[in-house]
Each structure stands twice: as structure tokens, then as C-alpha cells.
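The next block holds one structure in the form of C-alpha cells; read it before the comments.
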Amino acid sequence: ASAEEFNVGQRDYLVSVTAGGTGAGILGIVERKYDIAMASRAITAEEKQRFGDKFQEFKIGMDGISVAVSDEIYQDGVKDLNREQVKQIYTGEITNWKEVGGPDKDIYVISREYGSGTRDDFNEAVMEDIKAETPGVDTVAYSGAEVKTAISGSDRAIGYVGFNYLGGGVQGIAFDGIVPSYENIKLDIYELKRDLYFYTFGDPSPGARAFIDFVMGPEGQRIAAEEGFIPN
């Protein structure tokens, strides 16, 4: 949304956006395929050691990670799960919705791919280890949009997405009794939240600098809020 408005508002630069996960974006700026990496986590010590410490960081907003289920599961009463229940679903210890107060249906479990910032944040917060294995997972998705499509296309699914993906057959549920909402994330009440970043490798190119300034400025922050993110 920001790229579209930026491209219309000036003629010097053209911004195109490609999905693929935080890790792919970071590797892409190191290899000079991209000018900017979008990241839903901070650069790791391992990445700095591997690629060198030339990264420049720009915090552009905040997001919440929502534990999300199919409409049918939500309507059948699964509207709140605690950390241990979610963890046991992803480890494969809980395999049927009736074990957590839902219908007698097998749980269809969706995760993000290795290298995803959302996966890393989820693993760290819920599984208590950023490198945790999740043997209960049935499907690995390569973007938040893929997770949403998989959940909305099923009557028994669970996954995790940025909370701006909720709706359209995907219901965000409370985590440890707190619902994912703009207010709860902004007020630091909802636990599953993270900062969102742009990264460049070395000084930004003139076009990248112009777009970063746009996204961090009033118009970009307005767009962030309209799209369901929490502005700086």
C-alpha cells in the first residue's frame, strides 16, 4: 500500500515489493538483489557474523502475531488458548479440537517456513526456543497470505499470522486470555507482538532513502495504521 502511494506521488523512483520472509529479504540485500529488506524481527548475531555488520536498521512500526483458527472452529467455541495448549498443539501432543473445548475434529496445524521472522518470534514466545521443532505441523506456508488461505480453506485449522491478516474466514483468538487488538498491542498488554523493520546493507541508495523516509513519515505511518499495523 505504501509503495503504491509512493509510486503515484513522485516520478524519480519505482518501488516494487516481493514477499518471501525475513531471512530471504536479508540475504537479498546482502547479495544486492534488493535495496531494502522488510523484516519482522531484528538482525541476529549469527547474520552479523556471517555477513558483516553493515546493516542499517529502520523501525517502521509494530505488529501483533495472532493465533488464528478457522471460522468453524471459532464458532464451535475455541476462542481462547493458553500458551501450553498452543505449544502442545505444535508439538503434536494435542491433536483433536475436543481436547481444548472444541469439536471432535483433528487439528490441521499450519506453520511458517524456516527463516521467517514470524516463525522465529512465535517459536521464541510460545515454544520458548527460537529453534524449536514443531512436529505437530501439517503444512508449512511461505507467507502470511498463504497461512490465511490455508486457514480460511479449512474447517479445522490453526496457524499464526500478523493480526492485520485476520478476517475473511480467519479468526484471531485470545492468547492467555488477551485478545489481539490494536489497543492491546499498543498498550503492551498483548504478549505476542514484535517490531517491524526495514534494513539496508550499507548506506541506503537514494531511492531506498526516499522510500524509507516516506514510510517513516506522516503519510507512511497513516497507511500503516489503515492497514492494521501499529505506527511508531
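The values are calculated or read from the model by the stated rules, or taken from the named source; none is laboratory data. Everything numeric in this text was worked out from a predicted model, so none of it was measured. Here the Cβ is made from the backbone with ideal geometry for all residues, glycine too, and neighbour counts use every protein chain on show. Heavy atoms of the whole protein, side chains included, go into the accessibility calculation; ligands, DNA and RNA do not. Shrake-Rupley method; radii C 1.70, N 1.55, O 1.52, S 1.80 Å.
Let's see if you can work this out: charge +1 on each Lys and Arg Cβ, -1 on each Asp and Glu Cβ, no other charges. What is the dipole magnitude of region 58-164 about its Cα centre, in debye to the nearest 20? Walk me through the numbers before you get to the answer.
Working: 11 positive and 20 negative charges, 48 e Å.
Magnitude of the dipole: close to 240 debye.
The lysines whose alpha-carbon is closer than 30 Å to the alpha-carbon of Lys59, local same-chain residues fewer than 8 away aside, are Lys33, Lys48, Lys87, Lys131, Lys148, Lys186, Lys193.
Modelled this way, with points 7 Å down the Cα-to-C-beta line, the labels at Asp138 and Arg209 are 5.1 nm from one another.
Per-residue Karplus couplings for region 57-63, computed as 6.51 cos²θ - 1.76 cosθ + 1.60 with θ equal to phi - 60°, are listed in order as 10, 9, 7, 10, x, 10, 9 Hz, Gly and Pro entered as x. Take Lys87: with every protein chain present and a 1.4 Å probe, its accessible area is about 50 Å².
Taking the Cα centre of the chain as origin and charging only Cβ (+1 Lys, Arg; -1 Asp, Glu), how large is the dipole, in debye to the nearest 20? All intermediate terms of the calculation are to be shown ahead of the outcome.
Working: 23 positive and 39 negative charges, 99 e Å.
Roughly 480 debye for the chain.
Axis of helix 206-216 versus longest Cα principal axis of the chain: the two differ by about 50°, to the nearest ten degrees. Split the accessible area of the chain by element, probe 1.4 Å, and carbon with sulfur accounts for 48%.
Calculated from the alpha-carbon coordinates, region 71-120 shows an Rg and a Dmax of 11.9, 34 Å respectively.
Find the accessible area per residue for region 151-215; the probe is 1.4 Å, ligands and nucleic acids are left out, and the unit is Å².
Counting only protein heavy atoms, the per-residue value for region 151-215 is 40 Å².
Close amide H pairs (under 5 Å, H built 1.01 Å from N) link Tyr108 with Ala157, Ile158, residues at least 5 positions away or on another chain.
What does the convex hull of the Cα atoms of region 1-120 come to per residue, in Å³, rounded to a whole number? Working shown, then result.
Working: hull volume 18.5 nm³, N = 120.
Convex hull of Cα atoms, per residue: 154 Å³.
Annotation: amide H-H contacts under 5 Å for Gly162 (H modelled 1.01 Å from N, sequence separation of 5 or more, or interchain): Ser66. Taking all C-alpha pairs of region 73-162, those more than 23 Å from each other amount to 16 percent. Couplings 3J(HN,Hα) for region 136-151, derived from phi with the Karplus relation 6.51 cos²θ - 1.76 cosθ + 1.60 (θ = phi - 60°), are x, 6, 9, 9, 9, 10, 9, 6, x, 4, 5, 4, 4, 4, 5, 5 Hz, where x marks Gly and Pro.
Distances between placed amide hydrogens fall under 5 Å for Gly61 paired with Leu196, all partners being 5 or more residues away or on another chain.
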